[in-house]
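Bear in mind that the values in this text are calculations on the coordinates, not laboratory data. Nothing here was measured: the structure is a model prediction, and the numbers come from that model. All Cβ positions, even for glycine, are placed from backbone atoms using ideal geometry, and neighbour counts span all protein chains on display.
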Amino acid sequence: MTAKLPDSLLVIERGWLSANNILAFDGERATLIDSGYVTHAEQTVDLLRHALAGCQLERLLNTHSHSDHIGGNAAVQAAFGCSIAVPAGLQASIAEWDEDALLLSPLGQQAAPFRHDALIEAGSAIEFAGLNWQALAVPGHDMEALAFYNQERRLLISGDALWENGFGVVFPELLGTADGLTATRATLEMLGRLPIDIVIPGHGAPFADVDRALATAFRRLDGYCADIERLAWHALKVIVAFALMERQQLPATGFADFLASLPFAVDINQRYLALAEDELTARLLADLSGAGVLVHREDMLILR
């Protein structure tokens, strides 16, 4: 089934490293949801300027604080003079620019500091795209994350709480900061009780087969609950691939040192996998190469 969105919503589907940019139009005014990764900021501004076609970007709303969603905030605010609103639970982390709490330093990622102007409370009402939306708490991937739901048109802007083929890595569980798997289950169950016709995810195209997406998400979650090492290995591959994508290429002889420079990778291996450095390096190279992410060419590792 094709996902048909209202004319007042435009999804700029991005590839990694950036999250999707969602533009909501209200006449000559517009709201943006999520701004992509910092190294794509110039491209993001160009894409937005073209899509806005002279309309004024008034607000930028963030679903959560991971680098691929907030990385372009500073550049977008500088280019368009828009206000920025973030989930209320992120107030301190963003105001103090706590790179550990924002998972920047642990994951070896970047984001440009920015000033936020407002907070979005879970349960609050917000208007954009000519529609009334409710901010929903969707903890799991990020314990402070929000989604936006419009009951009238049965639309969900889900961030990383629900994708067509799963959901974002459950970092709080792996880092021991919260019961992320239980929170993820509660989030999926809550979403499953809502009448939803179309989901606009943080990554990938909008989709209409919501029942299938939820079934896929629950299967993944059940697998992680049954085997936490499965979640740890998945998270490790995702974060290493993301870091490699940002760099584009790396000397093959430097891969072990590259892994050692990622605090999250070191911590997750120590907590859950207990692999020797050479075994961890060999397994990651084999998995990433087998998935088509990496190509070993002469003495370099090249990202596809």
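The modelled label-to-label distance for the pair Asp117/Met190, using points 7 Å beyond Cα in the direction of Cβ, is 2.8 nm. Rounded to the nearest 10 degrees, the angle from helix 41-52 to the longest Cα principal axis of the chain is 30 degrees. Each stretch of four or more DSSP H residues adds -39500 (n - 2.57); spread over every residue of the chain, this sum gives -10500 deg cm²/dmol at 222 nm.
Taken as Cα centroids, segment 153-210 and segment 268-293 sit 27 Å apart, rounded to the nearest whole angstrom.
Per-residue packing, averaged as other Cβ atoms within 10 Å, sorts the ranges 153-162, 111-120 into the order 153-162, 111-120, beginning with the highest.
Enter the angle in degrees (range 0 to 90, nearest 10) between the Cα long axis of helix 277-290 and the first principal axis of the Cα atoms of the chain, meaning the one along which they spread out most. Roughly 50 degrees between the two axes. In terms of its C-alpha gyration tensor, segment 1-77 comes out oblate, because a/c is 1.5 or above while a/b does not outweigh b/c.
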